[in-house]
1. In the range 155-195, how many are β-branched (Val, Ile, Thr), assigned to a helix (DSSP H, G or I) and modelled with pLDDT of 95 or more?
2. Tell me yes or no: at least one residue of the range 46-53 is under 26 Å from residue 146 (Cα atoms), aromatic (Phe, Trp, Tyr) and modelled with pLDDT under 90.
3. Need pairs with beta-carbon distance below 7 Å; first residue without any contact (Cβ under 8 Å) to a residue 40 or more places away in the chain and within the range 204-220, second crowded, with 18+ Cβ neighbours inside 10 Å and basic (Lys, Arg); sequence gap 6+ or separate chains.
4. Given (1) surrounded by 12 or more Cβ atoms within 10 Å (Cβ to Cβ); (2) touching a strand residue (DSSP E or B) at 6+ places or on another chain (Cβ under 8 Å), identify the lone condition not met by residue 207.
Amino acid sequence: MKLPQRPNVVRYETTDSTNERAFAAIADGTAQHGDVHWADFQTAGRGRLGRQWRAGEGEGLLLSVILFPPANGPKPTELTVATCLALHDMAREYGIAGAHLKWPNDLLIGESKLSGILLETRGLDEAKPHFVVGIGLNVKQREFPREVTDERPVTSLALEGVALTREEVLALVWKRLAVRLEQDALTLFEDYTSSLALGDEVLVRSARAEVRGELVSLDSTHGVRVRTASGEVIDTQLEFVRELR
Ligand code: BTN
């Protein structure tokens with residue numbers, strides 16, 4: 001799936017959530033494939049699993065990309081993986097050591113979260129699919145409020161030694177995203193898997209069960225395949241995986 005060479009940006013000083021603004025544009029029929037809704041500050045930024053995404057004014061890259069893929073085009077999991085890989089590519093290109101992905105949507109530096117994504121769709125019509133890919137990326141923060149650090153360790157590009165404007169960062173993220181969105185599922189899952197630690201002991205949590213064991217593979221056919229201590233091989237389809245660690 002192609003992206004426009006340059007993003008068409010709708011910019012807000014303050015808004016509730018850029019994902020919400022993107023859905024409003026889709027609902028009123030003004031949205032185009034590849035449109036970006038970007039805010040300096042969000043009053044109701046959403047994260048996964050009902051969490052909030054918080055960033056001080058002008059400190060983070062807070063944006064949502066509207067995607068209208070072709071029918072029978074990439075599945076939601078592929079879009080999530082492509083976006084995560086684009087962010088991972090960005091971190092590597094900036095020379096940040098220790099960048100790795102955590103299923104399904106986190107970019108970590110060591111143990112600290114640099115970026116998270118939230119892919120959403122509403123009332124999906126399979127003949128005319130639409131998705132909103134929300135990206136939250138910490139850019140300029142030198143410190144974080146307690147309510148953020150109480151949840152988990154976090155970092156920013158500035159803290160990792162990358163002093164760039166959000167515009168400059170968006171330009172690179174856009175380039176990397178355009179490349180990743182044109183790759184096939186096989187390449188995406190291979191690259192995603194290579195950023196995980198195969199053979200390591202992992203915990204796979206879905207709504208139905210928790211499985212502990214050695215990570216054997218991750219792809220769109222078998223989902224997350226794990227070999228338990230008793231030798232049993234258990235597959236969890238990707239759309240059901242809530243947590244992998
Ligand atoms: C997560 O790690 O839980 C996902 C965080 C996604 C946050 C971004 S910020 C821009 C966009 N608008 C939102 O309301 N959420 C996403």
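The values are calculated or read from the model by the stated rules, or taken from the named source; none is laboratory data. Remember, it's a predicted structure, so these values are computed and weren't measured experimentally. Glycine also receives a Cβ, built like all others from the backbone with ideal geometry; neighbour counts cover every protein chain displayed.
1. The total comes to 3.
2. Checked the range 46-53: no residue is under 26 Å from residue 146 (Cα atoms), aromatic (Phe, Trp, Tyr) and modelled with pLDDT under 90.
3. Correct list of pairs: 216/225; 217/225.
4. (1)
Residue-by-condition table, conditions (1) crowded, with 21+ Cβ neighbours inside 10 Å; (2) without any contact (Cβ under 8 Å) to a residue 24 or more places away in the chain; (3) within 14 Å of the ligand (Cβ to nearest atom); (4) over 18 Å from residue 105 (Cβ atoms):
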position	(1), (2), (3), (4)
19	yes, no, yes, no
27	no, yes, no, yes
35	yes, no, yes, yes
39	yes, no, yes, yes
47	no, no, yes, no
74	yes, no, no, no
78	yes, no, no, no
85	yes, no, no, no
89	no, no, no, no
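The rows are residues; the columns are (1) touching a Phe, Trp or Tyr at 6+ places or on another chain (Cβ under 8 Å); (2) not in a loop (DSSP other than H, G, I, E, B).
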{"position": "4", "(1), (2)": "no, no"}
{"position": "12", "(1), (2)": "yes, yes"}
{"position": "38", "(1), (2)": "yes, yes"}
{"position": "44", "(1), (2)": "no, no"}
{"position": "85", "(1), (2)": "yes, yes"}
{"position": "95", "(1), (2)": "no, no"}
{"position": "107", "(1), (2)": "no, yes"}
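Table: residues versus (1) within 19 Å of residue 42 (Cα to Cα); (2) not in a loop (DSSP other than H, G, I, E, B).
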position: 92; (1), (2): no, yes
position: 101; (1), (2): no, yes
position: 115; (1), (2): yes, yes
position: 129; (1), (2): no, no
position: 134; (1), (2): yes, yes
position: 140; (1), (2): yes, no
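So that you can scan it fast, the table gives a plain yes or no per residue for (1) within 23 Å of residue 79 (Cα to Cα); (2) within 18 Å of the chain's Cα centre (by Cα):
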site: 138; (1), (2): yes, yes
site: 145; (1), (2): no, no
site: 150; (1), (2): no, no
site: 154; (1), (2): no, yes
site: 159; (1), (2): no, no
site: 162; (1), (2): no, no
site: 170; (1), (2): yes, yes
site: 181; (1), (2): yes, yes
site: 188; (1), (2): yes, yes
